[in-house]
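So the structure is just underneath, and the comments pick up after that.
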Amino acid sequence: MLTAIVGINWGDEGKGRMVDLLSQQYDVVCRYQGGNNAGHTVVNERGKFILNLLPSGILRDETVNVMGVGMVIDVEHLYHEAQRLRDGGITITPEHLKISDKATICMPYHKLLDELEEDRLADKKFGSTRRGIAPVYADKFYKKTIRMGDLLTPEILEEKLEGIVEWKNLTIANGYGHEPIRAKDMLDWLMQYGMAFKDYIYDTTEYLNGAIAAGKNVMFEAQLGALRDIDYGIFPYTSSSSNISAYAPIGAGIPGKKIEKTVGIIKAYSSCVGEGPFTCELFGEEGDRLREAGNEYGAATGRPRRVGGFDVIASRYGVETQGATSLALTKLDVLSYLKKIPVCVGYEYNGERLSRFPTGKALAQATPVYEYMDGWNCDISACRTFSDLPAAAQNYVRYIENAVGCPVEYVSVGAERDAYIKMF
Ligand code: GDP
Ligand code: MG
């Protein structure tokens, strides 16, 4: 079985938690895009772990984890992330972590360029996490990057770096007026942090095709959500990569294979990090209370997230874009404090009701149409079957299924591994 686990919304839907739960049934977990610009939080019996680069299956000894060709890897960050997990008792060896030889390395100068550009933009900034992700993906398409496999041929690495550094300094030094970078420093950095993963570099296409031929179950894990996809998201306030399920086989290393099942992670309300249109946003006390209840602060950055009610228009678009075959509705318990639950049931633009998620000016200027549904206003975190849920919570789940046109397979009522309801 080839299954993708993807975000339906703006990210932070609880993918890490669901992948950790579902990965029990899978032999292999692959990350297929992105870098360390987002975070998954996983709580299990060994503690609480924040994962930025490593696939969530890394927390289970028996799962093989793949970091695919579509990823951009800051090896210094990976080094420290792996160290933190090891300190927490997690085993990380080449037997259960395989990094694509074609994955791109996110270099220190990519981070520097991200900083320089965000600072230059000042008030007009895009809300980059300043982890170098846009610059490194841009360079990948320029075909001027170092890939993980290059670490295996250090004799040509130095020459390759010199060419790239000369080119980068045209922007860094001549453009931004920053002190030039030096090829020697970059080489030292690669030797220190990249070489630590030398034994983890694989042809992940060969590995994955072999695993599939041997009947293994493979899960593909996305970072961020549909609305952050470079093509289909709220461009330009998107990530710089394709995070939708259709890209999973390409980004992991098996471009010829098809995903059989796509579980869309959808949150019972909305949250969004950084700048950009977020039509359903709630402000003032209503927003503050929801942010507190959901503990909506960035896993990677600690930034307070913007919050809103469940957004029918955006979520329906997310389900369509991801080709979700079922949903995992997360953080339903967070809404337990509410007597009336705000739901963004539509968008208005120029005095008209929109039937689809808009783009461009219509998205920037759309205003939300809010309705309030009955809350359950009691603790549901111990519910383990659908019938355990109060009627108002059951109604809310059924309402979401109908509104977005996709069945809910899981309902999560807490961050702990077993705090969920299986619907079918
Ligand atoms: P991701 O980026 O999609 O993996 O999500 P984040 O890790 O950024 O944010 C999800 C947060 O919500 C984490 O702190 C999880 O531990 C927590 N969480 C996940 N599912 C639930 C749930 O059903 N209820 C509650 N209360 N917390 C949850
Ligand atoms: Mg997150």
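The values are calculated or read from the model by the stated rules, or taken from the named source; none is laboratory data. Please read these numbers as outputs of a predicted model, since none were measured by experiment. Glycine also receives a Cβ, built like all others from the backbone with ideal geometry; neighbour counts cover every protein chain displayed. Accessible surface areas use protein heavy atoms only, side chains included; no ligands, DNA or RNA. Shrake-Rupley method; radii C 1.70, N 1.55, O 1.52, S 1.80 Å.
Computed over the chain with a Gaussian network model linking Cα atoms closer than 10 Å, the most mobile of Asp333, Asp203, Asp229 is Asp203. When the solvent-accessible area of segment 26-159 is split by element, carbon and sulfur atoms take up 51 percent of it, the probe being 1.4 Å. Remark: segment 104-197 projects, on average over all directions, an area of 6.1 nm² (convex hull of Cα atoms). Expressed as an acute angle from 0 to 90° and rounded to the nearest 10, what is the orientation of the C-alpha long axis of helix 391-404 relative to the principal long axis of the chain? With both axes taken from Cα atoms, the answer is about 60 degrees. Expressed as an acute angle from 0 to 90° and rounded to the nearest 10, what is the orientation of the C-alpha long axis of helix 133-142 relative to the principal long axis of the chain? Helix 133-142 sits at roughly 50 degrees to that axis.
Could you tell me how many cubic angstrom of Cα convex hull volume the chain has per residue?
137
If I take R0 = 45 Å and measure r between the Cβ atoms of Lys125 and Glu45 in this structure, what FRET efficiency does the formula 1/(1 + (r/R0)^6) give, to the nearest 0.05? My answer for the efficiency is 0.65. Solvent-accessible area assigned to carbon and sulfur over segment 192-241 amounts to 47 percent, based on a 1.4 Å probe. For the chain, the longest principal axis of the Cα atoms and the long axis of helix 204-213 meet at an angle of about 50 degrees. Taking Cβ atoms as reference points and 10 Å as the exclusive limit, the residues near Phe386 contribute a net charge of +2, counting Lys and Arg as +1 and Asp and Glu as -1. Among the cysteines of the chain, those whose beta-carbon sits 4.7 Å or more from every other cysteine beta-carbon are Cys30, Cys106, Cys272, Cys378, Cys383, Cys406. Please report the carbon-and-sulfur percent of the accessible area for segment 266-422; probe 1.4 Å, protein heavy atoms only, DNA, RNA and ligands left out. So the carbon and sulfur contribution to the accessible surface is 48 percent. Rolling a 1.4 Å probe across the protein heavy atoms gives segment 104-197 an accessible surface of 53 Å² per residue. Counted without the sites themselves, the longest stretch of the chain free of GluC sites (Glu not before Pro) in a DSSP loop having at most 16 other beta carbon atoms within 10 Å is 96-259. Semi-axes of the equivalent ellipsoid for segment 267-424, computed as √(5λ) from the eigenvalues of its C-alpha gyration tensor and ordered from largest down, come to 25, 18, 15 Å. Shape annotation for segment 211-282: C-alpha extents along the principal axes are 49, 25, 14 Å, from largest to smallest. Hydrodynamic radius of segment 144-197 by the Kirkwood approach over all distinct alpha-carbon pairs: 11.7 Å.
Solvent exposure of segment 310-424 amounts to 45 Å² per residue of accessible area, where only protein heavy atoms count and the probe is 1.4 Å.
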